[in-house]
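Remarks on the structure that follows.
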Amino acid sequence: MSTVSVVIPCYKYGHYLADCVSSVLDEQPGVDVRVLIIDDCSPDDSAEAALKLAAGDPRIEVRVHEVNKGHIATYNEGLLGWADGDYTVLLSADDRLTPGALTRAVALLDAHPEVGFVYGHPIHFQHGSPLPPARTELRGTTVFPGKWWLERRFKEAHGCITSPEVVVRTSLQQEAGGYDPELPHAGDIEMWMRLASRADVGYLRGVDQAYYRKHGGNMSATEFGGQMDDLRQCKAAYDAVVTGCADRLPDAARLADTVNRKLARFALRRAVRAYDRGRTAEVPEAELVAFAAECWPAYRSLPEYHGLQLRRKVGARVMPYLQPLILTAVVAKVRERLWWRSWRLRGI
């Protein structure tokens, strides 16, 4: 029977621990699971809640930090210093696994030793809402070549993974190392790409593998206050992969160009949306444009920049009212271009 080491970092989430741990130990048949709860010096009763769970189940261990070490150090303590099972999971105390998630992931990893990690679809649910039903009937599996999967991330400039739905081969995790402390907000995607540069990637089709809890305050901070931070962290993550995995990426320069152009477009898009939604006072337009220029010096040639220039001429006050008309005109123009292209290809 394969073994899985589950690391559960906890900071002020003690009231979620019982449900989180139950999803790991009580709903994963056919897998030998051990759990480590690491309380990072929570100021509430989270440590007591963890110790109470451990007293009732020998499969649970608890570590309590005397000083707060931060989430990256806590992650790495569990992943690199404790985990010794065949496979490893990092699961936040406020998230949970779906029934059979480890069973399905372990079956794929056991059958494909070339696969370094496996993931499936996560269910995002709003804090305070009941858990949506999970799909647990597997419809198939896919093994992506690691380099192909990594290149896809560069083309799309996002990770496609939340985190709790991932199961990693422990030997690969320890070979590749832990989370980068220089990337406190984008360490996940950098980690997945670093692993994919060394091994193939497995995907479980048609099932939900984990529940990810969305907190309203975090989403608000991401939408407004974190406009620049998340973009910079994302760029830093891709830069780290290009630098750190250069010996395994012969086309690293091309990949860097691909993702930088995409990030420039993302930044300009955010500035455009600020005009469309009447939120230019909240969104740092100048910084977004400067970031686009940093990523892609030819940013003025991008369609998003032309859209931004148009909105500047129209003005922030008027633009929210004209946006539907402009959008309709743009769609019509695109359709016209596609029609003419089709006409020429037919040779008419």
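The values are calculated or read from the model by the stated rules, or taken from the named source; none is laboratory data. Predicted model, so just to flag it, every value in this text is computed and none were measured. Note: ideal-geometry Cβ built from the backbone for every residue, glycine included; neighbour counts use all protein chains shown.
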Search the range 159-178 for residues being free of Cβ contacts under 8 Å to residues at least 60 places away in the same chain and loosely packed, with under 15 Cβ neighbours inside 10 Å, and hand back the single one that is nearest to the chain's Cα centre (by Cα). 160
If you go through the range 240-263 one residue at a time, how many are surrounded by 15 or more Cβ atoms within 10 Å (Cβ to Cβ) and either in contact with an Asp or Glu (Cβ under 8 Å, 6 or more places away or on another chain) or not aliphatic (A, V, I, L, M) (or both)? 11
Could you please tell me which pairs satisfy a Cβ distance under 7 Å, a separation of 6+ or placement on different chains, a first residue in the range 38-53 that is crowded, with 20+ Cβ neighbours inside 10 Å, and a second residue that is among the aromatic types (Phe, Trp, Tyr)? 40/11; 42/11; 46/13
Those residues of the range 210-223 which are at pLDDT below 95 and either in contact with a Lys or Arg (Cβ under 8 Å, 6 or more places away or on another chain) or among the aliphatic types (A, V, I, L, M) (or both) amount to 219, 221
Among 102, 91, 97, 150, which is the only one that is out of contact with any strand residue (DSSP E or B) (no Cβ under 6 Å at 6 or more places or on another chain) and buried (at least 20 other Cβ atoms within 10 Å of the Cβ)? 150
Among residues of the range 293-323 being in contact with a helix residue (DSSP H, G or I) (Cβ under 9 Å, 6 or more places away or on another chain), among the small types (Gly, Ala, Ser) and on the phi < 0 side of the Ramachandran plot, the residue surrounded by the most Cβ atoms within 10 Å (Cβ to Cβ) is 307
Filter result for residue 300 (touching a His at 6+ places or on another chain (Cβ under 9 Å), part of a helix (DSSP H, G or I), at pLDDT 90 or above and not aromatic (Phe, Trp, Tyr)): yes
Can you find a residue in the range 224-240 that is under 28 Å from residue 17 (Cα atoms), modelled with pLDDT under 95, assigned to a helix (DSSP H, G or I) and out of contact with any helix residue (DSSP H, G or I) (no Cβ under 9 Å at 6 or more places or on another chain)? no
